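Trainee: Would you mind keeping the following structure in view while I ask a few things?
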Amino acid sequence: MLTITARPESLSLTPARTAIVVVDMQNAFASKGGMFDLAGIDISGAATAIDANKRLLTAARRAGVAVVYLQMSYKPDLSDGGDPSSPNYHKELGRVMMRERPELHGRLLIDNSWDWQIVDELKPEPDDLVIRKSRYSGFCNTDLEASLRARDISHLLFTGVATNICVDATARDAYSREFWPILIEDAMNHSGPDFNRQSTLWNFEHALGWVTKTEFVLDALRAEAVVPLPT
């Protein structure tokens, strides 16, 4: 069993029934020249989140914790992005920017584009699960839930971007589907003012799940590692 220090209380988890869910750690959201950067959104916290994820994923794999990547993506013809009758058409940043800035058409979050790719530092390994999604929540129109159920996963450790949008949307849906959502606050980066981050963390600590930090997860995973982890 893993015992992880968290707020509002510590949790005990079984490694084989736990997954770390890496949300949208793509060039679009975490790299210079990506969609967030082009939109003027501050990505200065991305480097810290990437470093935390590198350490967490190494430890998770060695401890037998499943690794799941969520990857926001659209087909080149945008047929899965929603038409004007869809809220996603009007609100999702990539869809909006590609309409308002014609030079970006076909470049943002499109399958196999640079913007779509997971950052080089966090490339998935062969045994990892990669779930393609076209909405904020990783559970929307995907096989994420079925894949987790097939592996008998009950507890989900969340990292990624953005704390207040896609992490929030996916973790809320996890809660409603009877998974245990645990946000690793310093392995994520938010968009907009910092109160967005604070609000998401408050909601999960008090109403929807649990909040922890990278160091606490690493401490727990080291105790379970098949291959010893560096301290």
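The values are calculated or read from the model by the stated rules, or taken from the named source; none is laboratory data. As the structure is a prediction and not an experimental result, all values here were calculated from the model. So basically every Cβ, Gly included, is an ideal-geometry build from the backbone, and we count neighbours across all protein chains shown. Keep in mind that these areas ignore ligands, DNA and RNA; they rest on the heavy atoms of the full protein, side chains included. Shrake-Rupley method; radii C 1.70, N 1.55, O 1.52, S 1.80 Å.
Trainee: Given VAL119, VAL96, which one is in contact (Cβ under 8 Å) with a residue 40 or more places away in the chain, aliphatic (A, V, I, L, M) and either closer than 30 Å to ALA63 by Cα or surrounded by fewer than 19 Cβ atoms within 10 Å (Cβ to Cβ) (or both)?
Mentor: The match here is VAL119.
Every residue, every condition in (1) closer than 19 Å to LEU13 by Cα; (2) touching a residue at least 12 places away in the same chain (Cβ under 8 Å); (3) touching a strand residue (DSSP E or B) at 6+ places or on another chain (Cβ under 9 Å); (4) surrounded by 14 or more Cβ atoms within 10 Å (Cβ to Cβ), yes or no:
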{"site": "PRO124", "(1), (2), (3), (4)": "no, yes, yes, yes"}
{"site": "ARG135", "(1), (2), (3), (4)": "no, yes, yes, yes"}
{"site": "PHE139", "(1), (2), (3), (4)": "no, yes, yes, yes"}
{"site": "ASP143", "(1), (2), (3), (4)": "no, yes, yes, no"}
{"site": "ALA150", "(1), (2), (3), (4)": "yes, no, no, no"}
{"site": "SER154", "(1), (2), (3), (4)": "yes, yes, yes, yes"}
{"site": "LEU157", "(1), (2), (3), (4)": "yes, yes, yes, yes"}
{"site": "GLY160", "(1), (2), (3), (4)": "no, yes, yes, yes"}
{"site": "THR170", "(1), (2), (3), (4)": "no, yes, yes, yes"}
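Trainee: Counting just the residues of the stretch 179-201 that are part of a helix (DSSP H, G or I) and of a type in the set (S, T, N, Q), which one comes out least open to solvent (accessible area, probe 1.4 Å)?
Mentor: Among them, the one singled out is THR200.
Trainee: Taking ALA225 as the residue in question, decide whether it is among the aliphatic types (A, V, I, L, M) and modelled with pLDDT of 95 or more. Even if it seems obvious, please write down each step before you answer.
Mentor: Working: among the aliphatic types (A, V, I, L, M): yes; modelled with pLDDT of 95 or more: no.
So ALA225 does not fit the description; no.
Trainee: Report, by residue number, each residue of the stretch 32-51 that is open to solvent by 20 Å² or more (accessible area, probe 1.4 Å) and not in a helix (DSSP H, G or I).
Mentor: Within the stretch 32-51, LYS32, GLY33, ALA39, GLY40, ILE41, ASP42, ILE43, SER44, GLY45 qualify.
Trainee: If you don't mind, another one. Can you tell me which residue in the stretch 101-123 is nearest to the chain's Cα centre (by Cα), limited to those that are in a loop (DSSP other than H, G, I, E, B) and of a type in the set (D, E, K, R)?
Mentor: LYS123
Trainee: Before we move on, is THR170 of a type in the set (Ser, Thr, Tyr), in a strand (DSSP E or B) and within 24 Å of GLY45 (Cα to Cα)?
Mentor: On the way: of a type in the set (Ser, Thr, Tyr): yes; in a strand (DSSP E or B): no; within 24 Å of GLY45 (Cα to Cα): yes.
Criteria not met by THR170.
Trainee: From (1) under 19 Å from GLY138 (Cβ atoms); (2) part of a helix (DSSP H, G or I), pick out the condition that doesn't hold for MET98.
Mentor: Against the list (1) under 19 Å from GLY138 (Cβ atoms); (2) part of a helix (DSSP H, G or I), MET98 comes up short only on (1).
Trainee: Answer yes if at least one residue in the stretch 74-82 is under 15 Å from VAL21 (Cβ atoms), touching a residue at least 12 places away in the same chain (Cβ under 8 Å), part of a strand (DSSP E or B) and open to solvent by less than 50 Å² (accessible area, probe 1.4 Å), and no otherwise.
Mentor: No; the residues of the stretch 74-82 include none that is under 15 Å from VAL21 (Cβ atoms), touching a residue at least 12 places away in the same chain (Cβ under 8 Å), part of a strand (DSSP E or B) and open to solvent by less than 50 Å² (accessible area, probe 1.4 Å).
Trainee: Let me ask another. When residues of the stretch 59-73 are filtered for being open to solvent by 30 Å² or more (accessible area, probe 1.4 Å) and in a helix (DSSP H, G or I), how many remain?
Mentor: Result for the stretch 59-73: 2.
Trainee: Just to be sure before I move on: is LYS54 charged (D, E, K, R), farther than 26 Å from ARG197 by Cβ and modelled with pLDDT of 95 or more in the structure I sent?
Mentor: Answer is no for this residue.
Trainee: Taking the options LYS54, LYS91, name whichever one is among the basic types (Lys, Arg), open to solvent by 10 Å² or more (accessible area, probe 1.4 Å) and under 15 Å from the mean Cα position of the chain (by Cα).
Mentor: Just one listed residue meets the conditions, LYS54.
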